[in-house]
Amino acid sequence: MKKTKAEFSREHLLYLKKQKRVSLVVQITRILLLVLLLGVWELLADLQIVNPFITSSPSRIVLTIGSLYVEGTLFYHVGVTLGETLAGFAIAVVAGYLIALLLWWSETLRRILEPYIVVLNSLPKIALGPLIIIWCGTGSKAIVAITVLIGIIIAILNMLSGFIATDKNKILLLQSMGAGKIQILQKLVIPSSLPTFISMLKINVGMAWIGSIMGEYIVSKAGLGYLIVYGGQVFKLDLVMAATVILCTLAGIMYFLVVLLEKLVVKNGRN
């Protein structure tokens, strides 16, 4: 149940007030730092201290994004990359979680497959790009496949570590009370691995965007990665920077959603 203010001590209320103040200061400082960096960047470009043709500038980036919107291609390219990223992210997370559960369930299977998983994790995924293109074609399927390949190994290794790290004494206690493996999994292993799951999501957010952009570098006819490659080829560096800024914004929003999920999980766990 949610406590009222009357149920907290004066010291605890002062502590909560201080924490809110610190959080507010952090948020304001973040915004001011971003504004400062953009302002300095714009000023250096205007004064020709740096070459705006090479480094672009915030105003030129905004104009480029505006021109993409007027041309009607902005949301098309964003939609293509976002769809590929979300598809690859979802498949990698779900498949990685299920495979990790299977490896936790069977120690023999884990001992057999773990060396191969580690080797696949150390393998540069871009080296498999040409093979994936041959197997999946030159469309979005190949890009999603590359994204999954990058994210699934990380999901497996992180979740497997979380499952194995479950308190052995608690497992023995449940076993002594007659609990089966399924009950131990449902009542102990999965709930105790929630922090690991959230951490894995945070890591895979970045990996998903890396995978989709990497795939679009190799083979694509649309998307933010395509705009970056095309802009670099024709020396439209404003386009490169604009696509990069949009990419960073989308990745930040996706990460923020995972943070909100974390707060929701923590809140429900306390209740």
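Every number in this text was worked out from the coordinates using simple rules, so none of it is lab data. Given the structure is predicted, the values throughout are model-derived calculations rather than measurements. Cβ sites come from the backbone with ideal geometry, for glycine too, and all protein chains shown count toward neighbours.
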Problem set entry | Cα-based reach from K202 at 19 Å (exclusive), listing aspartates and glutamates while leaving out same-chain residues under 8 positions away | E84, E262
Exercise. Using 7 Å Cα-to-Cβ label points, what is the Q175/Y76 separation (nm, one decimal)?
Worked result: 6.1
Exercise. R0 = 22 Å: FRET efficiency of F256 with L16, Cβ-based, nearest 0.05?
Worked result: 0.40
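Using a Förster distance of 30 angstrom, determine the FRET efficiency expected from the C-beta separation of L34 and A222, and round it to 0.05. Intermediate results must be reported in sequence, preceding the final value.
Values: r = 29 Å, r/R0 = 0.98.
That pair, L34 with A222, gives E of 0.55.
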Exercise. What ³J(HN,Hα) values, in whole Hz, does the Karplus curve 6.51 cos²θ - 1.76 cosθ + 1.60 give for the range 152-157 when θ = phi - 60°, with x put for Gly and Pro?
Worked result: 5, 5, 5, 4, 5, 5
Problem set entry | Acute angle (nearest 10 degrees) that the helix 58-71 long axis makes with the longest principal axis of the chain, alpha-carbon atoms | 90
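As a check on your grasp of the helix formula, calculate [θ] at 222 nm for the chain: sum -39500 (n - 2.57) over DSSP H runs of n ≥ 4, divide by the residue count, round to the nearest 500.
Working: 12 runs with 218 residues, N = 271.
The helix-only estimate for the chain comes to -27500 deg cm²/dmol at 222 nm.
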For this session: List, largest first, the extents of the alpha carbons of the chain along their principal axes, each in whole Å.
Result: 72, 62, 31
Exercise. What does the highest-first list of 53-59, 80-86, 187-193 look like by mean Cβ count within 10 Å?
Worked result: 80-86, 187-193, 53-59
For this session: Averaging sequence separations of C-alpha pairs under 8 Å and six or more residues apart, then dividing by the length of the chain, give the relative contact order as a whole percent.
Result: 24
